[in-house]
Amino acid sequence: MDILDVIKKEHREVAAMLDEAEKCEPGDKRLIELARQIEQALTTHVKIEERLFYARLRDRAEQDEQRVDVYEAYTEHDVANHLIELLKSGRKPDEKFKAELQVLGESVKHHVKEEESTVFSIAREFIDQDERDELGEKWMKARQRMESQPTKNGSSPAPRKRAVVKSSR
Ligand SMILES: [Fe+2]
């Protein structure tokens, strides 16, 4: 499967969860479960994507502008990771929690839109179809490996290197 199709499929799955979260009222316990699922899906996605996809594009892109686009995508991942950190560790699903989840949703949707247009067109230029298929296979294997890794809390995939982020507002 073409890596671009794998990425698109995962984008749709996360978008569906973000849409559902947006419809929940503050206080709804479902928000906690959705935030956990979104966190797991995004953490895995971002890790594999940077390793298998962005690194290649960054190294191969020929124009400065294309490299800026790839770095922009990396930076948007950093923003998403920051918001994900805010949602972790047993918070109440209150108004503030919902607001943060909503901002995560908005920024992820913006990122997906740019990635599927700008970044994908860079990928089509510098990664041929055979390699894209190969990378799609690698992606699915990497995800299986990460999902089956036992972790301390038993369920979530191995956490990404944690930034020290505290919500102070
Ligand atoms: Fe991405």
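The values are calculated or read from the model by the stated rules, or taken from the named source; none is laboratory data. What you see is a predicted model; the values in this text were computed from it and never measured. Neighbour counts are summed over all protein chains in view; Cβ atoms, including those assigned to glycine, are modelled from backbone coordinates with ideal geometry.
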* Asked: Can you pull out the residues in segment 110-129 that are in contact with a His (Cβ under 8 Å, 6 or more places away or on another chain) and either aliphatic (A, V, I, L, M) or over 22 Å from Ala15 (Cα atoms) (or both)?
  -> Val112
* Structure fact -> Scanning segment 5-23 for residues that are more than 14 Å from the chain's Cα centre (by Cα) and over 14 Å from Glu39 (Cα atoms) gives Asp5, Asp19, Glu20, Glu22, Lys23
* Structure fact -> The one condition Leu83 fails out of (1) in a helix (DSSP H, G or I); (2) modelled with pLDDT of 95 or more is (2)
* Residues of segment 1-17 being outside any helix (DSSP H, G or I) and not aliphatic (A, V, I, L, M), which ones? -> Asp2
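Results for (1) under 24 Å from Asp2 (Cβ atoms); (2) of a type in the set (Val, Ile, Thr); (3) under 14 Å from the mean Cα position of the chain (by Cα), shown as yes or no for each residue.
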| position | (1), (2), (3) |
| --- | --- |
| Arg51 | yes, no, yes |
| Ala55 | yes, no, no |
| Arg58 | yes, no, no |
| Ala61 | yes, no, no |
| His77 | yes, no, yes |
| Asn81 | no, no, yes |
* Structure fact -> Asp59 fails exactly one of (1) exposed (fewer than 15 other Cβ atoms within 10 Å of the Cβ); (2) in a loop (DSSP other than H, G, I, E, B), namely (2)
* Structure fact -> For segment 84-116 the number of residues that are free of Cβ contacts under 8 Å to residues at least 40 places away in the same chain and either surrounded by 19 or more Cβ atoms within 10 Å (Cβ to Cβ) or among the acidic types (Asp, Glu) (or both) is 2
* To do: Please verify whether segment 20-37 includes one or more residues that are within 15 Å of the ligand (Cβ to nearest atom) and part of a helix (DSSP H, G or I).
  => no
* **Among (1) of a type in the set (Lys, Arg); (2) at pLDDT 95 or above; (3) away from the ligand (no atom under 16 Å from the Cβ), the one test that Lys88 misses** => (2)
* Structure fact -> Within segment 1-19, residues acidic (Asp, Glu) and more than 12 Å from the ligand (Cβ to nearest atom) come out as Asp2, Asp5, Glu13, Asp19
* **Residue list for segment 46-71, restricted to those being over 21 Å from Asp133 (Cβ atoms), touching a helix residue (DSSP H, G or I) at 6+ places or on another chain (Cβ under 7 Å) and of a type in the set (Asp, Glu)** => Asp69
* Of Glu49, Glu10, Glu62, which residue is more than 25 Å from Lys96 (Cβ to Cβ) and touching a Ser or Thr at 6+ places or on another chain (Cβ under 9 Å)? -> Glu10
* Asked: Mind checking which residues of segment 57-85 are away from the ligand (no atom under 16 Å from the Cβ) and under 15 Å from Thr43 (Cα atoms)?
  -> Glu85
* Test result for Glu50, within 13 Å of the ligand (Cβ to nearest atom), charged (D, E, K, R) and in a helix (DSSP H, G or I) -> yes
